[in-house]
Amino acid sequence: MEVAKLNDIIKSSKNILIASHVNPDGDTLGAMCGLYELIKLNFKKRCDMLAVSKIPDKFKFIPNIESAKHIDDFDKSREYDLVINVDVAALDRICDGITLFKKAKNRVNIDHHKTNNGYGDLNFVDGDASSASEVIYSIAKKLKWEINLKIATCLYAGILTDTGSFRFNNTTPRALEYAAEMIRMGIVPNDMFRSCYETYTKGMVLCQAYCVEKAVFLDDDKIVYTTVFRKDMEKYNTDEEFAEGLTERLRAVTSTQVAFVAKEMKNGGCKISMRSKSVDVAEICSVFGGGGHKHAAGCTLKCNVEEAIKKILHEIRKYEF
Ligand code: AMP
Ligand code: MN
Ligand code: MN
């Protein structure tokens with residue numbers, strides 16, 4: 001059985017690295033810190049944890065997150081026995097971490113993105129799982145690993161955030177059953193909700209309101225998009241974290257079929273965050289080298305925001321809805 005192989009590899013590895021994706025969300029961080037604690041508890045081993053971008057302040061509540069190190073603080077010549085990527089849809093999502101991944105003796109890929117091409121030596125990619133955190137919980141159960149409240153806190157955070165608080169259609173019976181088991185272990189849903197969602201500053205809420213206000217509705221309001229420029233964030237004294245949930249806000253309009261946010265990147269490129277009600281936006285984003293899920297996907301274009309919007313609209317309009 002594949003999971004037994006993972007157990008053996010962890011057992012025989014002396015140094016292990018767990019890697020999370022760029023612009024980290026609750027799932028990649030929860031899955032990374034949860035797996036860290038699982039390995040610590042069940043194998044008495046300490047792993048290294050890799051972050052390739054700044055970890056949003058609101059995720060500081062995730063147990064063990066303080067042990068994660070930024071890629072710049074790693075010795076790139078280091079050779080790990082085992083590198084485990086969590087919630088990493090494609091290898092380029094760990095940026096410079098690729099060097100460490102490629103050099104490792106064993107490479108494991110734990111994910112739930114349907115667009116994941118199975119780039120690891122050992123792949124646990126379950127496109128029906130709500131989150132990478134759910135995949136890890138199910139591996140832990142299969143291997144009968146001990147699970148404590150710290151681990152449940154990490155993995156519940158991942159399931160909660162990737163299901164949009166148990167609202168998206170990845171909210172399956174299994175996701176809810178696992179969440180129920182975690183609540184029985186001592187997770188308090190309202191505390192978790194507050195930690196994940198009620199942590200905005202005034203500037204963040206006002207900046208989000210400003211970006212909703214300037215939204216552009218097209219094609220009988222079926223397509224809606226808005227822009228986020230660096231100057232908007234400066235004006236409201238906020239960082240990119242304010243945009244969390246912004247695309248979903250635009251999708252909430254009844255007429256909306258496809259919603260996207262075009263965000264100006266520090267280096268001048270443009271990050272697209274796309275949501276839909278039925279169209280496969282992972283397919284649209286994969287045209288630009290991105291990917292994700294059917295109703296939630298993203299990509300990054302090397303051009304400026306205005307040009308990116310033109311290209312994206314052209315691609316969206318190839319679909320009928
Ligand atoms: P976001 O709009 O950034 O919240 O991303 C929505 C979903 O698409 C998440 O599941 C991301 O992991 C995934 N995603 C975003 N950007 C990319 C990308 N460049 N490649 C693959 N998946 C992505
Ligand atoms: Mn993610
Ligand atoms: Mn995820």
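Over the chain, with every protein chain in place, what whole percent of the accessible area is carbon and sulfur at 1.4 Å, could you tell me?
Solvent-exposed carbon and sulfur of the chain make up 50 percent of the total.
Restricted to Cα positions, what overall size does the chain have along the principal axes? Three whole-Å values, descending.
Dimensions of the chain along the principal axes of its Cα atoms: 57, 43, 39 Å.
May I ask you to order 106-117, 204-215 by the average number of other C-beta atoms within 10 Å around their residues, highest value first?
Answer by packing, highest mean first, reads 106-117, 204-215.
Compute, for the chain, the length of the dipole vector about the Cα centre, with Cβ point charges of +1 (Lys, Arg) and -1 (Asp, Glu) only. Units Debye, rounded to 20.
Its charge dipole is roughly 500 debye.
Considering all projection directions equally, how large on average is the shadow of the alpha-carbon convex hull of segment 202-316, in square nanometres?
Mean projected area of the Cα convex hull: 6.4 nm².
Pop a pseudo-label 7 angstrom from the Cα along the beta-carbon direction at both Ser138 and Ser165 and give the gap in nm to one decimal.
About 2.6 nm separates the two model spin labels.
Enumerate by residue number the GluC sites (Glu not before Pro) in segment 1-104 meeting two conditions: DSSP loop (anything except H, G, I, E, B), and at most 16 other Cβ atoms within 10 Å of the site's Cβ.
Glu79
When only Cα pairs under 8 Å and 6 or more residues apart are kept, what is the percent relative contact order across the chain?
13 percent
I need the semi-axes of the equivalent ellipsoid of segment 1-125: take the C-alpha gyration tensor, multiply each eigenvalue by 5, square-root it, list largest first in whole angstrom.
Whole-Å semi-axes of the equivalent ellipsoid: 19, 16, 15.
Rounded to the nearest whole Å², what accessible area per residue is found for segment 267-313 with the 1.4 Å probe?
Each residue of segment 267-313 exposes 43 Å² on average to a 1.4 Å probe.
With unit charges on the beta carbon (Lys/Arg positive, Asp/Glu negative), name the residue among Ala209, Ile84, Leu41 whose Cα is farthest towards the positive pole of the charge dipole of the chain.
The residue sitting most towards the positive pole is Leu41.
When the helices in the chain are scored as -39500 (n - 2.57) per DSSP H run of 4 or longer and the sum is shared across all residues, what 222 nm value do you end up with, to the nearest 500 deg cm²/dmol?
-11500 deg cm²/dmol
The values are calculated or read from the model by the stated rules, or taken from the named source; none is laboratory data. Given the structure is predicted, the values throughout are model-derived calculations rather than measurements. A quick note on method: Cβ atoms are made from the backbone with ideal geometry, for glycine too, and the neighbour counts reach across all protein chains shown. Quick note on the areas: whole protein, heavy atoms, side chains included, nothing else; ligands and nucleic acids left out. Shrake-Rupley method; radii C 1.70, N 1.55, O 1.52, S 1.80 Å.
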